[in-house]
1. Using just the helices of the protein assembly as shown, give the 222 nm mean residue ellipticity in deg cm²/dmol: DSSP H runs with n ≥ 4 each add -39,500 (n - 2.57), and the total is spread over all residues, rounded to 500.
2. I need to check one value: relative contact order of chain A, counting alpha carbon pairs closer than 8 Å and at least 6 residues apart, in percent.
3. Find the Rg to Rh ratio for segment A:114-359, where Rh is the Kirkwood radius over alpha-carbon pairs and Rg uses the same atoms.
4. What ³J(HN,Hα) values, in whole Hz, does the Karplus curve 6.51 cos²θ - 1.76 cosθ + 1.60 give for segment B:330-340 when θ = phi - 60°, with x put for Gly and Pro?
5. Where does segment B:279-431 land on Rg(C-alpha)/(2.2 N^0.38 Å)?
6. Hey, could you pull the Cα Rg and Dmax for segment A:152-248, both in Å?
7. Mind checking which lysines have their Cα closer than 16 Å to the Cα of B:LYS424? Skip sequence neighbours fewer than 8 apart in that chain.
8. From the label point of A:THR39, set 7 Å along Cα to the beta carbon, how far off in nm is each other copy's matching point, shortest first?
Number of protein chains: 2
Amino acid sequence: MADSEPLPSLDGDPKAAEAWLRDVFEIIMDEAIHKGTRTSEKVCEWKEPEELKQLLSLELQTHGEAQKQILEHCRAVIHYSVKTGHPRFFNQLFSGLDPHALAGRIITESLNTSQYTYEIAPVFVLMEEEVLKKLRALVGWSSGDGVFCPGGSISNMYAMNLARYQRYPDCKQKGLRALPPLAIFASKECHYSVNKGAAFLGFGTDSVRVVESDERGKMIPGDLERQIKLAEAEGAVPFLVSATSGTTVLGAFDPLNIIADVCQRHGLWLHVDAAWGGSVLLSQTHRHLLDGIQRANSVAWNPHKLLGAGLQCSVLLLQDTSNLLKRCHGSQASYLFQQDKFYDVALDTGDKVVQCGRHVDCLKLWLLWKAQGGQGLERRIDRAFALAQYLVEEIKKRKGFELVIEPEFVNVCFWFVPPSLRGKQESPDYSQRLSQVAPVLKERMVKKGSMMIGYQPHGTRGNFFRMIVANPMLTRADIDFLLDELERLGQDL
Amino acid sequence: MADSEPLPSLDGDPKAAEAWLRDVFEIIMDEAIHKGTRTSEKVCEWKEPEELKQLLSLELQTHGEAQKQILEHCRAVIHYSVKTGHPRFFNQLFSGLDPHALAGRIITESLNTSQYTYEIAPVFVLMEEEVLKKLRALVGWSSGDGVFCPGGSISNMYAMNLARYQRYPDCKQKGLRALPPLAIFASKECHYSVNKGAAFLGFGTDSVRVVESDERGKMIPGDLERQIKLAEAEGAVPFLVSATSGTTVLGAFDPLNIIADVCQRHGLWLHVDAAWGGSVLLSQTHRHLLDGIQRANSVAWNPHKLLGAGLQCSVLLLQDTSNLLKRCHGSQASYLFQQDKFYDVALDTGDKVVQCGRHVDCLKLWLLWKAQGGQGLERRIDRAFALAQYLVEEIKKRKGFELVIEPEFVNVCFWFVPPSLRGKQESPDYSQRLSQVAPVLKERMVKKGSMMIGYQPHGTRGNFFRMIVANPMLTRADIDFLLDELERLGQDL
């Protein structure tokens, strides 16, 4: 019978399995951690999709492969992956490879449990609460609630659902058709998850009223006030303002205190999407950018971005102390949240979320914090601000570089103006030609593997580069390299 | 200035960081992998919450701690965590510690990228598609679409949103208020995420019509037909049936072919929640349990459960070839999904989801499959079925054990009847007293650390144990141990 047959692969041979895992770890140390963070190595090894498929032998087959062959697959996967921990990876709102956070991630994967009951995640239930408490304290709350979510978009959706439930508890049972038309307010610079959430949660994207931003990307509170009145005049019920602390492209911080005044006047839930900017709360020098955040009802904050905790580490924090999360999301599944357990079932936090099984996301941040302390993390953030400022100064000094705006955060947006376009600002096709520069340079840098930096159009502006200073290992030399390399790559344009 | 100050901790000392990571890896190998999978070690080390808080030194402080101290934290975190890879962990729908899947998870964490563009996740964009193609083929589809989701609950919600969008594309923009009242159908044995999803997506839980199940937990198609007509008579528009392949407690498989007939007759979207049972598709012997699944519009399947890929590994598969996922969820963020990239932007799959950043969940399954082959995975599943059957036979042989139902899957539900209750079935308080047994035994086994098995009440039945045979390392000796240990723990009751 099947249960007495010999097992294939490493099954049933724990010693061989342990030896094999050691081999894998050596490959990871060499390819991902050592080479993956050295400037002497490439940040990426570009291949066309069809070629890459062949190189990876992607196909899944009936027969298992030899252990040696699997090791080669591991090596290839790492080799052809982008090295996001590399000092020349500037492409996203995350970068760098912190050893303590990584240790937390590897331990999490080795323990492979689900964050829903004290029964099977005792350490992580307590740890999640401790980490959330610390983050709430930075927001300015001595009490409250919160939960780790699979990314900032879902954190933002949680806020929408909680705001809706708080005002209309019936919605959980009766749905949106039992409610008046609702209106959500966010600036045109807000993250696209506000729209995605409005669609997913059944409001529809039309329910999102777009509030004007100023030239720096900050929400204009006067226009918020106007939009609220307009929505009311059209028969909609305003219930939620989603402000942003650290917009995705420009890195702008909405004026939270003035927005909170508006919310207070109209009785609206204030959510702050601080997915990107929340980590600035750790810096005594720069936390003023989020002044007023303590007046929010909810805050989304992704420590996997500026703090480098690793994907994904995203929290939703709440000022609420009425168990709103559990009332809004709970469904008391009797197979998981038995009420006759021998310990305090308030420790079974799984019913706070709309998920069932939930990945453990607190350990990586806890271990990082234990190692760095609040002070070490603050130093990293201050350093990132200082390096961003250094980049701004260098851009101003160099011919062929033009700032999009003076940044207030670590997003530095700028154009590289190639030799053929310099002094041609008055030419009618200048903007259009300038917009074609970034995609060409991007292709060149990726195929060379020298660095990665993002670009995008924005409003009426054509493509420009968005430099993100997030990797704590960055030095002025890396900033200089960025500018030098753009000059090298674009000298013939 | 801040960017020229010395860095704390391991910052700026890559050699020390690498040496420290090696120390962490040794701790993981010893505590989590070696001890964590040995029957000579405890499956859990129970501590009361207050004591555990002290043992873990949870508090986060201003100053960073020494590297040696951080290593001790790593050791303590593992020591006090439940060992879900232990051969005596029967508590959840996942168990075991596969070395190849674990290697995939560790590599994923080391690479720390986001699954949204070919630009920064070239390997994983191609790999996700390959894995999805393989899983779709097992469902019976030669084409289609799909995506990895953060857990089965969210996969189920995706299905609800897609079904809604396909019928009423306007909903994305105009919301549910522009639609007629909608009705969702699921059996009373369905997973609680159907209700959570109905609330979260704005339908309201009232929109879920509960269909009767038979005594084995299978949906009764005749009642489905009745409920559909009833909903229509009440003015609601039926649009979605969520059938279950492998219910959470009893492990029941709904009769998909007959349900598909009903759906076809009424023009309804058929979603199959095969989060638990989907992996049975790999077994030629047992896949008949899911006969008819190829007629579904969507399938949710969690390889982190029976296949042991590791949390989280959950897919939503679609028969659709019209780009429904992207049309339904997309919002074309210009900073991420630039259309003037130098490669085929169809490879940027991130706009298929409601998230933005997305954890890479395909590598662990891919590597596991490469090592085991379809055949090795099939052997594991057949072995689990055979061991479950062995357990059933042993239960029937032993005094004091009573089956709840004859299982068709690897969930074996049974009561342990302690000596004082044997032969007292006719006593008026028998059921109530029997229901108190499982919680007491659970407390005893956890405090002893000898094993973990779940229990729950179910319908009119009082608490019974639900044994899950999922860990591929299990042997008959472990099954015997389970029964012997329950007898030992309950001999005085």
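The numbers here are math on the coordinates, done by the rules we state, and not lab data. Just so we're clear, the structure is a prediction, and the values are computed from it rather than from any experiment. No Cβ is skipped: glycine too gets one built from the backbone with ideal geometry, and neighbour counts run over all protein chains shown.
1. Calculated from helices alone, the mean residue ellipticity at 222 nm is -12500 deg cm²/dmol.
2. Result for chain A is 19 percent.
3. With Rg and the Kirkwood Rh in hand, the quotient comes to 0.97.
4. x, 9, 6, 4, 6, 7, 10, 10, 4, 8, 9
5. With N residues counted in segment B:279-431, Rg over 2.2 N^0.38 Å equals 1.55.
6. 13.1, 43
7. Counting by Cα, and skipping residues close in sequence, B:LYS424 has these lysines nearby: B:LYS399.
8. 5.7
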